[in-house]
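Asker: I'd like to ask you about the structure that follows.
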2 protein chains.
Amino acid sequence: MEKKNTEITPRDVDFAKWYNDVIAAADLVDYSSVKGSMIIRPYGYAIWENMVNILDKKFKITGHVNVQMPMFIPESLLNIEKDHVEGFAPEVAWVTQGGENKLEERLCVRPTSETLFCDHFKKIIKSYRDLPLLYNQWCTIVRWEKTTKPFLRSREILWQEGHTMHATEQEAKEETLRMLKVYEDFQKNYLAIPVITGKKTDKEKFAGAEETYTIEAMMYDGVALQNGTSHYFGQGFAKAFGIEFLNKENKLENPYQTSWGTTTRMIGGLIMVHSDDYGLVLPPNIAPIKVSIIPISIDDEILSVVKSYTDALEEKGITYIVDKTDKSPGYKFAESEVKGYPIRLEIGKRDLLENKVTLVRRDTREKIVLDKSDVLKKIDELLIEIQHNLYNTALERRNSMLYNNVQSYEELTDIAKNKPGFALVNWCGNRECEDKIKDDLGLKSRCIPFGLEIPDGKCVVCGKDATTKIYFGKQY
Amino acid sequence: MEKKNTEITPRDVDFAKWYNDVIAAADLVDYSSVKGSMIIRPYGYAIWENMVNILDKKFKITGHVNVQMPMFIPESLLNIEKDHVEGFAPEVAWVTQGGENKLEERLCVRPTSETLFCDHFKKIIKSYRDLPLLYNQWCTIVRWEKTTKPFLRSREILWQEGHTMHATEQEAKEETLRMLKVYEDFQKNYLAIPVITGKKTDKEKFAGAEETYTIEAMMYDGVALQNGTSHYFGQGFAKAFGIEFLNKENKLENPYQTSWGTTTRMIGGLIMVHSDDYGLVLPPNIAPIKVSIIPISIDDEILSVVKSYTDALEEKGITYIVDKTDKSPGYKFAESEVKGYPIRLEIGKRDLLENKVTLVRRDTREKIVLDKSDVLKKIDELLIEIQHNLYNTALERRNSMLYNNVQSYEELTDIAKNKPGFALVNWCGNRECEDKIKDDLGLKSRCIPFGLEIPDGKCVVCGKDATTKIYFGKQY
């Protein structure tokens with residue numbers, strides 16, 4: 001009966017296999033003949049479309065406009081900012097032939113577009129009146145990853161990249177943090193994912209950035225997913241590209257820059273935070289389909305009840321699907337669970353005799369038999385309740401795997417070996433100590449978390465004075 | 001005063017230069033350091049976003065879902081369908097290096113995605129129950145064009161490509177024409193562009209298609225723009241890729257396929273049909289900003305009137321822009337014209353003394369002084385009227401350049417040399433005659449127009465029996 005569900009490896013048996021099984025069972029992705037590139041199937045793409053629509057509105061409300069840059073970057077353009085090219089050149093794809101001819105200069109497929117934006121900004125920025133420039137781009141980027149995993153690490157990535165230019169350092173820094181906050185709110189209110197916000201170390205920051213801020217999510221298995229980043233560039237690129245504007249004092253100055261991005265990897269995060277052994281679980285605020293309606297048998301009476309509900313849902317703007325196929329009810333229930341539809345509405349003959357129908361919550365799998373006429377009100381309530389419940393469950397689990405009181409390297413070692421999650425430690429700020437934790441224990445620095453920066457002891461590695469506290473953890 | 005406008009070469013003096021000037025003056029596009037690729041600037045991209053949103057809704061209403069395929073095609077995959085590879089291989093960009101390594105097999109950047117879709121369809125189509133598959137993709141494609149022109153011919157193109165699979169020939173043919181009709185309606189009702197619909201000749205059809213249908217628009221200068229195409233593939237790709245399904249009789253069969261696409265070139269069409277010597281003219285139904293509000297002076301009284309209008313427009317969902325800068329009114333008027341905002345609302349002190357304000361139509365440039373309280377009603381009316389007027393003007397002009405009664409090669413020659421537009425001629429159906437018209441007169445076949453196919457004379461070239469009538473014309 002529960003055909004599809006039984007194909008899923010239990011989450012606690014093999015998390016990696018469970019992840020792939022959920023993706024396959026829910027028809028999110030297919031593998032392609034292009035090594036390392038995935039096909040995002042309709043249901044997976046519908047989740048991305050929701051993410052795009054919600055974020056795009058938030059970007060527009062905060063004053064940003066969309067543009068489209070070329071997908072190719074001439075090698076000489078990529079080479080202009082030194083740190084940037086060192087960071088990206090080893091992992092790009094190169095176009096060397098166009099049509100019948102070998103190219104004079106090879107072009108890389110954009111791994112990110114700072115260089116292209118700067119090249120354009122140089123032409124259009126002349127005066128402080130042209131600032132701030134608040135641009136965003138939705139596009140595909142390519143990074144030639146050696147090992148790939150659907151949504152998390154792929155050679156092609158769908159993403160958005162914000163690129164902004166400002167007249168002052170303060171404005172640019174405010175923008176960097178404003179967009180980090182937009183990301184944080186989106187994760188919390190739509191994806192139901194709690195995130196830790198903070199600053200990346202110099203080692204982990206974006207190639208070419210002065211400061212990188214991150215939203216760090218924790219997956220079910222205690223491993224981190226960097227789910228979005230926001231960068232402050234200072235004037236680095238502007239100087240390298242010769243971008244100047246006449247300020248209010250009529251003097252030439254380099255503008256201050258930011259960039260910020262999120263990707264389809266957020267779908268991977270959704271899966272690894274909320275889903276279970278029965279398949280995908282989606283928070284109502286991001287789910288493409290909120291209610292799955294299953295007529296237990298297909299006859300006129302039942303279909304007319306279905307129709308009364310679909311009419312009402314349509315009016316309310318609540319998305320739904322009706323499964324009228326000749327598959328067994330059990331198969332339909334399992335299918336509905338695998339796809340993670342937040343609410344299932346079962347309508348059967350026997351229930352109807354008593355004027356009842358059944359609602360099933362996907363998050364708790366709780367069955368609620370209720371009066372036919374109470375369904376719509378209950379759906380409204382449940383959509384809110386499920387959203388909150390998923391967030392709270394994720395928050396509680398995440399908090400139970402935060403080790404905020406680690407005082408020694410031994411404790412940190414114990415956590416690395418035996419306790420999944422993030423450990424907050426005192427740190428001297430030196431790269432050597434950060435490297436040692438990575439090399440010895442396999443933990444990478446996550447971020448210097450906002451509000452928890454102030455050290456209260458010595459560096460957990462070298463024992464010297466700490467300059468900050470910082471989270472370490474394994475990562476995807 | 002009319003600073004921006006005076007930068008535009010008059011349309012009747014040099015149409016090509018006028019086109020580029022309008023694009024530059026309206027800030028639609030910038031040239032990039034990547035030869036042949038353009039940057040679509042915020043205002044140009046906003047037009048594309050409107051096109052995407054409207055078309056995407058139409059595709060979804062007709063049952064289609066969006067997916068995302070890889071952007072690369074391995075050479076061996078591109079090579080599977082013979083006609084297709086011959087058509088596309090000469091004009092693709094090749095990736096030969098990924099990261100530090102030379103690739104074992106080179107990858108082309110997709111010029112179109114039939115091969116990728118077929119590779120995927122082979123895996124997911126098993127039974128007639130899986131059909132029809134109605135997919136669409138929004139993405140960027142690359143064609144290594146030698147000469148480029150903003151929006152019309154570019155190395156990178158933003159587009160949508162529908163790809164569908166059906167159990168029967170009839171269903172697939174119906175889909176091909178259904179989507180052509182969706183395109184036609186979109187052109188008419190949103191872009192205000194009349195199109196001639198019909199079938200392409202074998203010479204002009206898509207590489208690999210059995211039949212290609214087109215919507216042919218005529219630009220201000222009488223030259224054709226193929227503004228969208230819809231292809232019926234029969235079972236050609238399905239056989240080449242080994243795609244099979246179990247039909248209702250439990251027998252294996254190849255499915256029947258279609259694809260259809262439109263691109264950013266539609267923006268070029270919009271410009272060349274409607275715009276004028278004062279800049280861009282946009283039909284209200286596609287314009288990102290419908291009303292431009294210009295306070296003649298910036299003081300509290302005027303700004304409070306502005307506010308009353310913007311509140312009302314917001315409530316009605318009518319997009320607007322308010323120019324509160326310290327530029328002169330004349331400059332603002334010119335800017336508003338250059339950008340093609342359909343309606344300009346001028347609010348000045350002197351008018352207000354008499355409770356009046358001024359509306360200016362962008363299409364006719366007519367000034368309407370009216371009572372303050374009549375503005376909102378008038379805006380509603382004008383938006384409809386301007387949309388109709390632009391369509392009717394385009395239709396009349398187009399019709400005045402259709403030569404539907406061409407009886408001899410001499411007449412056709414005269415048209416080719418002296419009369420811009422399309423000529424409808426009797427044709428024997430042979431490639432030689434089609435080629436001769438191209439080689440001698442520079443006219444390419446546009447299409448065999450629906451409803452006008454039946455010949456009424458001999459082939460205009462060879463004098464043999466005609467099998468059809470067909471339009472010829474110059475093209476972009």
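Asker: Could you please find all residues in region B:89-105 being buried (at least 21 other Cβ atoms within 10 Å of the Cβ) and of a type outside the set (Gly, Ala, Ser)?
Answerer: B:92, B:94, B:95
Asker: Can you tell me which residue in region A:454-476 is surrounded by the fewest Cβ atoms within 10 Å (Cβ to Cβ), limited to those that are in contact (Cβ under 8 Å) with a residue 40 or more places away in the chain and assigned to a loop (DSSP other than H, G, I, E, B)?
Answerer: Filtering region A:454-476 for residues in contact (Cβ under 8 Å) with a residue 40 or more places away in the chain gives A:457, A:460-461, A:466-476.
If we keep only those that are assigned to a loop (DSSP other than H, G, I, E, B) too, we end up with A:457, A:460-461, A:466-467, A:474, A:476.
Working: A:457: 14, A:460: 25, A:461: 21, A:466: 22, A:467: 16, A:474: 18, A:476: 19.
The selected residue is A:457.
Asker: Out of the residues in region B:114-152 meeting the condition of being assigned to a loop (DSSP other than H, G, I, E, B) and within 11 Å of another protein chain (Cβ to nearest Cβ), tell me which one is farthest from residue A:37 (Cα to Cα). If you could, list the steps in order and put the result at the bottom.
Answerer: Going residue by residue through region B:114-152, those that are assigned to a loop (DSSP other than H, G, I, E, B) are B:125-126, B:131-132, B:143-148, B:150-152.
Narrowing further to those that are within 11 Å of another protein chain (Cβ to nearest Cβ): B:143-146.
Numbers: B:143: 21, B:144: 23, B:145: 26, B:146: 29 Å.
The selected residue is B:146.
Asker: Checking the structure you have, find out if any residue of region A:352-362 is part of a loop (DSSP other than H, G, I, E, B) and more than 30 Å from residue A:218 (Cα to Cα).
Answerer: yes
Asker: Of these, A:284, A:295, which one is buried (at least 16 other Cβ atoms within 10 Å of the Cβ), not aliphatic (A, V, I, L, M) and not assigned by TED's automatic domain parsing to the domain that holds residue A:380?
Answerer: Values: A:295 fails: not assigned by TED's automatic domain parsing to the domain that holds residue A:380.
So the residue among A:284, A:295 that is buried (at least 16 other Cβ atoms within 10 Å of the Cβ), not aliphatic (A, V, I, L, M) and not assigned by TED's automatic domain parsing to the domain that holds residue A:380 is A:284.
Asker: Going by what's in this entry, would residue B:37 be described as in contact with a helix residue (DSSP H, G or I) (Cβ under 7 Å, 6 or more places away or on another chain), within 29 Å of residue A:125 (Cα to Cα) and at pLDDT below 95?
Answerer: no
Asker: Here are some residues: B:376, B:412. Which one is within 20 Å of residue B:290 (Cβ to Cβ), out of contact with any Asp or Glu (no Cβ under 6 Å at 6 or more places or on another chain) and either crowded, with 16+ Cβ neighbours inside 10 Å or in contact (Cβ under 8 Å) with a residue 40 or more places away in the chain (or both)?
Answerer: Values: B:412 fails: within 20 Å of residue B:290 (Cβ to Cβ).
After ruling out the rest, the residue left standing is B:376.
Asker: Just checking, how many residues over region B:25-39 are among the aliphatic types (A, V, I, L, M) and either more than 17 Å from residue B:340 (Cα to Cα) or surrounded by fewer than 19 Cβ atoms within 10 Å (Cβ to Cβ) (or both)?
Answerer: 3
Asker: Do the conditions hold for residue B:220, that is, is it over 14 Å from the mean Cα position of the chain (by Cα) and open to solvent by 20 Å² or more (accessible area, probe 1.4 Å)?
Answerer: yes
Asker: Take the residues in region A:389-432 that are aromatic (Phe, Trp, Tyr) and over 26 Å from the mean Cα position of the chain (by Cα), then tell me which one is farthest from residue A:365 (Cα to Cα).
Answerer: The first filter runs over region A:389-432 and keeps only residues aromatic (Phe, Trp, Tyr), leaving A:391, A:403, A:409, A:422, A:427.
Right, trim to over 26 Å from the mean Cα position of the chain (by Cα) and you get A:409, A:427.
Values: A:409: 42, A:427: 44 Å.
It comes out as A:427.
Asker: Output the number of the condition that residue A:159 fails; it satisfies all remaining conditions of (1) out of contact with any helix residue (DSSP H, G or I) (no Cβ under 8 Å at 6 or more places or on another chain); (2) more than 14 Å from chain B (Cβ to nearest Cβ); (3) aromatic (Phe, Trp, Tyr).
Answerer: Residue A:159 satisfies all of (1) out of contact with any helix residue (DSSP H, G or I) (no Cβ under 8 Å at 6 or more places or on another chain); (2) more than 14 Å from chain B (Cβ to nearest Cβ); (3) aromatic (Phe, Trp, Tyr) except (2).
Asker: Just checking, does region A:416-439 include any residue being open to solvent by less than 40 Å² (accessible area, probe 1.4 Å), of a type in the set (S, T, N, Q) and part of a helix (DSSP H, G or I)?
Answerer: There is no residue in region A:416-439 that is open to solvent by less than 40 Å² (accessible area, probe 1.4 Å), of a type in the set (S, T, N, Q) and part of a helix (DSSP H, G or I).
Asker: Which one is farthest from residue B:48 (Cα to Cα), of the residues in region B:135-149 that are out of contact with any helix residue (DSSP H, G or I) (no Cβ under 8 Å at 6 or more places or on another chain) and open to solvent by 30 Å² or more (accessible area, probe 1.4 Å)?
Answerer: For region B:135-149, the residue satisfying everything is B:146.
Asker: Only one of these conditions is not met by residue A:170: (1) within 14 Å of chain B (Cβ to nearest Cβ); (2) open to solvent by 30 Å² or more (accessible area, probe 1.4 Å); (3) more than 30 Å from residue B:91 (Cβ to Cβ); (4) not charged (D, E, K, R). Which number is it?
Answerer: (1)
Asker: Listed residues A:19, A:31, A:45; which is under 17 Å from residue A:159 (Cα atoms) and assigned by TED's automatic domain parsing to the domain that holds residue A:152? Working first, answer last.
Answerer: Working: A:19 fails: under 17 Å from residue A:159 (Cα atoms); A:31 fails: under 17 Å from residue A:159 (Cα atoms).
It is A:45.
Asker: Quick one: is residue B:175 open to solvent by less than 10 Å² (accessible area, probe 1.4 Å) and either among the aromatic types (Phe, Trp, Tyr) or closer than 15 Å to residue B:230 by Cβ (or both)?
Answerer: Numbers: open to solvent by less than 10 Å² (accessible area, probe 1.4 Å): yes; either among the aromatic types (Phe, Trp, Tyr) or closer than 15 Å to residue B:230 by Cβ (or both): yes.
Yes; evaluated as a whole, the condition is true for this residue.
Asker: On to the next question. Where residues in region B:80-113 are without any contact (Cβ under 8 Å) to a residue 60 or more places away in the chain, more than 21 Å from residue B:204 (Cα to Cα) and not in a strand (DSSP E or B), which of them is farthest from the other protein chains (Cβ to nearest Cβ)?
Answerer: Top of the filtered list is B:100.
Asker: Further question on the same structure: Output yes when any residue across region B:63-80 is open to solvent by 40 Å² or more (accessible area, probe 1.4 Å), touching a Leu at 6+ places or on another chain (Cβ under 6 Å) and in the same structural domain as residue B:238 (by TED's automatic domain parsing), and no when none is.
Answerer: yes
Asker: Return the total of residues in region A:306-334 being closer than 19 Å to residue A:382 by Cβ and outside any loop (DSSP other than H, G, I, E, B).
Answerer: Count: 13.
The values are calculated or read from the model by the stated rules, or taken from the named source; none is laboratory data. It should be emphasised that the depicted structure is a prediction, and the values quoted were computed from it without experimental measurement. No Cβ is skipped: glycine too gets one built from the backbone with ideal geometry, and neighbour counts run over all protein chains shown. What goes into the accessible areas is simple: the full protein's heavy atoms, side chains included, and nothing from ligands, DNA or RNA. Shrake-Rupley method; radii C 1.70, N 1.55, O 1.52, S 1.80 Å.
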